[in-house]
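Quick notes on the structure that follows.
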Amino acid sequence: MTLRFSFPRQQLLFVATCILSVLAGAAKGQDVLIKTDGSQQLGKILGATPAGVQIQITVGGGASTLTQPMATIKEARMAVIPPEFAQAQKALEARNYDAALAALKVVEKFKGLPADWAQQATALVGDVYIEKGDVPKAEAAFAEFQKLYPTSAQAELGLAKLAVAKKDFAAAKAKLEPVLAKAAEDKNVNQRSGFAYGQAYMLMGQVKESAGDLQGALECYLKTVALFYYDRAAVAQAQQKADALRQAHPAVFIP
């Protein structure tokens, strides 16, 4: 029997070279820009603007800063995510909203960076303002997010959060249903999709609770807690709402 490669040898060599390049960069503590043409740029990511991603590289023993056009960047991988992102998440969980905003201000220079953590940090600004009850600033934050990440599911979730904050539950439901339909069919949940699904179920719980569907609301809250637990702030909020619902309505349970 003759075995055949499923890819030409040249393609296999190219893929192997790409992987080794990324691993080498990570081993050296360098950041990596994955470009749309499959190539990589190693260095230290300094920030992002609508024009592109600034990355510092070493040339001949000296440092030089380049701006890689945003349209040419598929993904940005940082060897070390700024600790302020985790600090902001913890502050939001603890309802210390001013501390969360202060931490997010530090990582503001990475807004627009094509990285999951940067997307989450950018969306988190709107979340904090919603929790503070400042709807106009939340609207501005989510509008900016939509401009920076127009294809992200997080953009629709931002609009759903605003609708819930305004008690426009019908509008929130319309935004959430497509996300939850996708969640029900998704067999390969990852960090990015799980983050979105957890928020969506927590918000749908609020929608159902407002309509008097207490069992449905409890089920949604617990799905965020037990299944889609990627967003710690959403998990904490969902757990609080589930506990409050069960305490107020002891007869409500999930069979």
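Structure values in brief
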| item | result |
| --- | --- |
| Count of segment 35-78 residues which are β-branched (Val, Ile, Thr), outside any strand (DSSP E or B) and out of contact with any helix residue (DSSP H, G or I) (no Cβ under 7 Å at 6 or more places or on another chain) | 1 |
| Selection from segment 98-113 of residues that are closer than 20 Å to ALA143 by Cβ, open to solvent by 20 Å² or more (accessible area, probe 1.4 Å) and without any contact (Cβ under 8 Å) to a residue 60 or more places away in the chain | LEU101, LYS105, GLU108 |
| Yes/no for ALA26 being at pLDDT below 90, open to solvent by 60 Å² or more (accessible area, probe 1.4 Å), part of a helix (DSSP H, G or I) and within 26 Å of THR122 (Cα to Cα) | yes |
| Selection count where residues are open to solvent by less than 20 Å² (accessible area, probe 1.4 Å), over 18 Å from GLN206 (Cβ atoms) and either at pLDDT 95 or above or not in a helix (DSSP H, G or I) (or both), scope segment 146-174 | 1 |
| Residue that is nearest to LYS161 (Cα to Cα), among those in segment 212-255 that are surrounded by 22 or more Cβ atoms within 10 Å (Cβ to Cβ) and among the charged types (D, E, K, R) | ASP231 |
| Any hit, segment 175-184, residues being assigned to a helix (DSSP H, G or I), touching a Lys or Arg at 6+ places or on another chain (Cβ under 8 Å) and either open to solvent by less than 20 Å² (accessible area, probe 1.4 Å) or modelled with pLDDT under 95 (or both) | no |
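The values are calculated or read from the model by the stated rules, or taken from the named source; none is laboratory data. This structure is a prediction, so every number in the text was calculated from the model and none was measured. Every residue, glycine as well, gets a Cβ built from its backbone with ideal geometry; the counts of neighbours run over all protein chains shown. For accessibility, only protein heavy atoms count, side chains too; no ligands or nucleic acids. Shrake-Rupley method; radii C 1.70, N 1.55, O 1.52, S 1.80 Å.
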